[in-house]
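Encoded as C-alpha cells, the structure appears first; notes follow it.
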Amino acid sequence: MNGIIHNCTHKDSDDVHFRLTEEEMFIAIFNYIEHLFSKIKPKKLFFMAVDGVAPRAKMNQQRARRFRTALDAEKAREKAIREGKELPKEEPFDSNCITPGTEFMAKLSQQLKYFINKKVSEDRAWQQPEIVLSGHEVPGEGEHKIMEYIRNARAQPDYSPNVRHCLYGLDADLIMLGLLSHDPHFCLLREEVTFGRQAKHKSKELEHQNFYLLHLCIVREYLELDWLRGKRMLENDEAERQRAKAKGKLIVSSEQKALWKKTIRKFLTNQGGSRTLDLGAGLNAADRKFVQELAEAAHLEWATKPDDEGHRHLILSYPARDEEDEEDEEAQSAVLRIVKKYDNAQVIDLTSADAKAALEANLATLPYSASLGFHGVNVFQQDSRNESMVVSLLETDLRTNVESAKVKLGQRCFVGYPFLQEAKIVKVSDELFDYTLADDGSGRIVTRNHAPREIEEWTKKADRIENFYSKRLGILIGPVESLVSVHMLKGLIKTDEGATVKEYGEIPGMETEYASQIIVDEVVNEDERFIEKAALPVEEEFPVQSTGFFLGEYNYGQPLEVAGHSRGKLSIWLAVLERREPEFAKKIIHDAQRGMHYLPSYMVAKQLDLHPLTLSKITSSYYIRTVGDLRVNLGLNLKFDARKQKVLGYSRKSETGWEFSPAAVHLIVEYMTRFPDFFAGVKRNPSGAELKETDLWGDPTVASARVKEIGAWLKTLKTSSMERVPLDAEQLDSDVVMRLATEADRLQLSTIFSRPKKMNGVPRNALMRPEDAEHRLGNQRFSLGDRVVYVARTGKVPIGFRGTVVGISHTPTAKLLDVVFDVTFMSGNTLGGRCPPFRGQTVPSTTLLNLSNHQVVAGSKAQVARQPVSASVTTLTAHGGYHLNGKRYQDAAAPPPLQASFRSVVNGAARGGRGGGGGPGGGRGAIQGNLPYRAHQPQRQQFDGSHVPANNGPGQAVRGRGGASQFRGRGAGGIGSSNRGRGGYPGPVGVNPNGIVHPASAPPMYAAVPPPSSLDAPRGGRGRGRGGARGRGDGPVFRGRGRGARQQQTAALQS
C-alpha cells in the first residue's frame, strides 16, 4: 500500500510547483486501489497492508532516508527562489508524513475504512471476497504482514494448495518472499518501469498504465534448473515432505483430507450411530489405499462389495465385540489418537512433476532440456556476457511437420509458450502453401499456393520467431517448418438462449501466427474464468425482484425489476421515461468540427510553397547534427508515423494521408516567419537524411547561434507536452466537453422522471443482468457524442448513471471510452482537465450500453418468426457461422471464378473475351460483370429500357474490340450475331427477353490470369491498318480485325 500512497500524493521529481489537497490525495488512492482490484478480480481475499512500525534494525535506514528527503526538498525550493520562480501559496506536501503514527496516516486509515464500507455496500464484486485492512497501527512492514497471513492460512486444515496469489508492489524482496511461500501459483503485479527522462505527454490515466505479471513459478523452475545457484534460496517439494515426516506429520492430499473430515471422522466418532460406512465406487487407487491404511490403524474392517451393476464399493465396518467393557475403553483411546493424527495431517497436493504439468505459465508443458552456457541472450538492448540457462525444446521435428499441424485445424490450442493463452487454429502454412478448412463444413482442407513475395515474407517471419525465442527468451525451438494462424480467445459471450460460450477472434495488437512446435494442445487446469455454461432455467437466471436493463426497442436501456414468470417468459416492471431525452450532443460536436477544417498535407504544402518532404519533416521530428556531432530536433513534433501517434487538435491521419488543423497550419506559418533562413536551407535539401548545421548556414558561428535560437523558441511552444494519442483514438477537446457538460446541466437530464409500467410475456433475451454486461456488450460500436448508460454492477461508476462519450481509445485487450456523466460521483475525475470535477471517467466499452445506436435490441415476435432457427447454441458453429441476437450469420461464399481476361475484368466485363457481346454488357468498358465491385459509369436509357454507356452513338453496339457482327472480324459474336469472333459467345444461348445474357450460359473461359509484366510496354512490329484484305481494318466483308457493325458497313468500305 505504501507504494500506492507515495504515487498518489507527490511526484518523484523535484517539482516545487506540484500541489494536491488531502481530499484529492485520498480520492486518488481510492481510484488506484479500485483499479488494481478490477485488474485482478480477487475471489477469496483482498488484503490491504500499510507499513506499520518497522523492526529496530531498519529504523536507522528509514531515519537517514527521511532526512535526505527533507534536505532534497529544501534545496529544490531554494533553487526555485534563486531562479525567480513563483511558488504556490499552499504549503507543499511533506512525504515524510507517510510514516506510522502521523496525523496524515491516522486520517488515511479513517478514509480507507469509509472507502471499504462504501464499496462493500454498493459494489457486487467487493462483496464476494474477504476484505482485510491492516493499517499503520499494526506493527511490521506491509509485505511481511501479508506473508504472515498466508503462512497462517496454509496451516489451516481446509487450505487449498491450488489457490492463486497475486502480490502488488515494486520491491525486489517481494520476489524472495513469494518464492519462499512454496505455493505453486504465485505472481507479482507491477507497473511498467521506464528508465531515463519521462515524457511529459504521457497519459496520466490509470487505464493507459501498463501493468505486468511476474510469474514466480517460472523463476522457481529456472532456479531448480540452476540448482547450484538456487539451492540456498529454494527448497523443493520433496525436502518439504521429508521435514514434515521428520516432525511426525501425516501427508495427505486435499481430496483425502476432505474425505476424512466430512465422512470418516464422523463415522469413527460414531456421530451417525451406524456401524457400517459405504464410501461408494468412485475412489481412485490412491484414495482407496489411504482409506485402507486408516482402517487398519483404527482397527476397522474394510471390504469391497459389488453392486447390481458390477461396481465394487469400499465398505468400512466396526468389528464384532464380545467383551465390550475393556475393549471399548481401549478402542476409544485409539480413536482419539487417530482423530488427532488425521486432524493435524499436512495437505500437499502436488509433487514437483505434477505441479509442472498443472501450471499455466510453465516450461514443462512441452518436453525440454536445459544447460548453462554462453548464448548472448539479449536483455536491455545488449547481449549478455555471462552464462545463461538455455532451454532446448525436444521432439520439435515431429511437431513442426506441416502434416502434424494440419490435423489441428479448427481445434483449440494454447499459444505464447511459456505464458499460455487459449486460441483456435484457423490456418496452417508452410513455405509454399496455406491450408484452411473449407467453408462448407465438410472438414475438407483447402490448399492455396504462395506467391513469390509471400514465400519471402513467410521465411522472414519464421526466422524472426526462431530468433526471438533464442535471443530474447533463451529458448531454442529448432527450425520452423510450419506456422499456425489463430484466433485468440476474446472472452465469453451470452447467446439469446442464455448459454455462455467462448468467443474467438482477432485482437488488435496481439500476435496471430506462431511456430507449430511451440503450440500446446491441452493443459491440466482450465481457466475458471472461461468455462462455457449451459443456459439456466429462466426462473433461476432471473428470480423475482432481481433487476436489470431492458433491451427492447421500447424504452431501450431502462432499468427493470422481474415480477414473475410464465411459460418461459417474464413479467417485469419497467421504468418508463415520462419524456424523451433531448438530443444535443451530436449537434454541439458537429458545430465544433465545422469550424475545424483539417487540410490534407499536400494542400498545406502547396499553400505554403513547401516541398511535401520538407513539410513532413518539419511537422514531425527533424534532426540536424551540430558541432560535436550532437543531434538536435528542430521539428514541431505534430505527428509520429513510426509510433502511429497523432497530436490532438493538430494532426490526424486519414486513408489519403496526414491532415493538419488550422492551429497546426498557424504554427507552421509562425515558424516560417520567424526563421525564413532555416526554411530556405531546408528547401535546398528536401530529401536529405540528416543534415549538418553548416549545410543550412555556411558560417559555423551563425549556424550554432541560429540552432540555439530555434531550439529556445520551440521550447516556448511546449509541443512536447501536447497530448499524443494513437492514430485510431478519437477525443474531443476541453472546450467541446465543457459545452456538453454545461448543456446536460441546463437540460436537467438527471431529473427526468420515470413511472413503472407492467409488461408481460417478455422473452429472456430482452433482459440483461448487470453481471452479463461483459458477455453481451463486447461488439458494440461507439462514436463521439453517443449517449450511454453504465450497466455494470462493479467498477468506479455507480450503476445506471448516464453520460456522453467524449473520447475513444484502444488498448491491446479492450476498447476504452472517456465519458462525461450527467452527475458527479466519488470516483469521478476531470479527464485530464477536460471536464468538470468528479464528472468524468474512462471505462471499458463492455460496461456501457449505447443509447444512441441501439445494437443489441431484442427482436419482436414477427421478426423472430422470420429468422431461421439454429440448432446450435454456440456462437462459432462448425461451419464458421455466427448465432447472435436471434440471428444466424455466416460468411458469404466465395464469388465464382473470373471467366474473362484480366483487362476485361478490370473494365467491368462479365464473361466476354476480347470483345465480348454487343449490346448491353458487351465489349470493353461494359458494366455487366460478376465482380462484387463495379465501377460507376454514366448511362443512357434505350427504347427497350436497357442501359448502355453514354459514349456510344445511336444504333451503335457497345464498341469494345469487336462488337455485334455477322462477319468473321476479330471480336464479334455479340447479341444477335450468327458467327463468333475471337472472344464473346453466341447470342442465342441464355438470352432473356430484355436481351441480357445469363452468366451461367456462357462457355468457360481460361483467360482469367494476371497479364504479363510487358503488357503495357511499348511494342514495335505491325501497325494497326484501317482496312485491307488481312490487315487490322474495319472492313465488314474481309478477314480483318475490326468492328463489323451493320450500320457502319458503307463507311468502312469508303475508308
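Points to keep in mind about this one:
- Residues located in segment 387-423, provided they are assigned to a loop (DSSP other than H, G, I, E, B), over 31 Å from the mean Cα position of the chain (by Cα) and more than 19 Å from residue 468 (Cα to Cα): 395
- Exclusive hit being more than 20 Å from residue 731 (Cβ to Cβ) and either of a type outside the set (Asp, Glu) or crowded, with 21+ Cβ neighbours inside 10 Å (or both), set 667, 648, 613, 638: 613
- Looking only at segment 253-283, and only at residues there that are among the polar types (S, T, N, Q), surrounded by 12 or more Cβ atoms within 10 Å (Cβ to Cβ) and free of Cβ contacts under 8 Å to residues at least 24 places away in the same chain, the one that is farthest from residue 319 (Cα to Cα): 263
- For segment 782-797, the count of residues that are of a type in the set (Lys, Arg), in contact (Cβ under 8 Å) with a residue 40 or more places away in the chain and closer than 15 Å to residue 737 by Cβ is nonzero.
- Screening 70, 64, 49, 54 for residues that are loosely packed, with under 15 Cβ neighbours inside 10 Å, within 29 Å of residue 147 (Cα to Cα) and either touching a residue at least 24 places away in the same chain (Cβ under 8 Å) or over 43 Å from the mean Cα position of the chain (by Cα) (or both) leaves exactly one candidate, 64.
- Every condition in (1) under 19 Å from residue 419 (Cβ atoms); (2) at pLDDT below 75 holds for residue 380 except the one numbered (1).
- Residue within segment 431-453 that is of a type in the set (Ser, Thr, Tyr), part of a strand (DSSP E or B) and without any contact (Cβ under 8 Å) to a residue 24 or more places away in the chain present: yes
- Residue in segment 139-170 that is surrounded by the fewest Cβ atoms within 10 Å (Cβ to Cβ), counting only those that are assigned to a helix (DSSP H, G or I) and touching a strand residue (DSSP E or B) at 6+ places or on another chain (Cβ under 8 Å): 149
- Residue match in segment 230-252 (condition: in a loop (DSSP other than H, G, I, E, B), of a type outside the set (Lys, Arg) and modelled with pLDDT of 80 or more): no
- Residues that are modelled with pLDDT of 50 or more and surrounded by fewer than 18 Cβ atoms within 10 Å (Cβ to Cβ) were ranked within segment 350-367; the one that is nearest to residue 159 (Cα to Cα) is 364.
- Only one entry in 818, 772, 786 is of a type in the set (D, E, K, R) and under 23 Å from residue 29 (Cβ atoms), namely 818.
- The requirement of being modelled with pLDDT of 90 or more, surrounded by fewer than 16 Cβ atoms within 10 Å (Cβ to Cβ) and within 30 Å of residue 814 (Cα to Cα) is not satisfied by residue 497.
- Test for residue 464: is it under 17 Å from residue 516 (Cα atoms) and among the basic types (Lys, Arg): yes
- Qualifying residue in segment 624-633 (condition: surrounded by 15 or more Cβ atoms within 10 Å (Cβ to Cβ), under 30 Å from residue 674 (Cβ atoms) and in contact with a Lys or Arg (Cβ under 7 Å, 6 or more places away or on another chain)): yes
- Checked against (1) farther than 30 Å from residue 161 by Cβ; (2) touching a His at 6+ places or on another chain (Cβ under 7 Å), residue 580 meets all criteria but (2).
- Members of segment 721-742 that are surrounded by fewer than 14 Cβ atoms within 10 Å (Cβ to Cβ), out of contact with any strand residue (DSSP E or B) (no Cβ under 8 Å at 6 or more places or on another chain) and touching a residue at least 40 places away in the same chain (Cβ under 8 Å): 721, 735
- Restricting 388, 392, 404, 384 to those that are without any contact (Cβ under 8 Å) to a residue 60 or more places away in the chain, in the same structural domain as residue 483 (by TED's automatic domain parsing) and small (Gly, Ala, Ser) reduces the list to 384.
- All positions within segment 384-403 that are surrounded by fewer than 12 Cβ atoms within 10 Å (Cβ to Cβ) and either farther than 30 Å from residue 428 by Cα or modelled with pLDDT of 90 or more (or both): 385, 386, 403
- Residues that are surrounded by fewer than 22 Cβ atoms within 10 Å (Cβ to Cβ), within 17 Å of the chain's Cα centre (by Cα) and outside any loop (DSSP other than H, G, I, E, B) were ranked within segment 762-813; the one that is modelled with the lowest pLDDT is 810.
- Test set (1) at pLDDT below 90; (2) surrounded by 15 or more Cβ atoms within 10 Å (Cβ to Cβ); (3) in a helix (DSSP H, G or I) - residue 846 fails condition number: (1)
The values are calculated or read from the model by the stated rules, or taken from the named source; none is laboratory data. Small disclaimer: the values here were computed from a predicted structure and weren't measured. Note: ideal-geometry Cβ built from the backbone for every residue, glycine included; neighbour counts use all protein chains shown.
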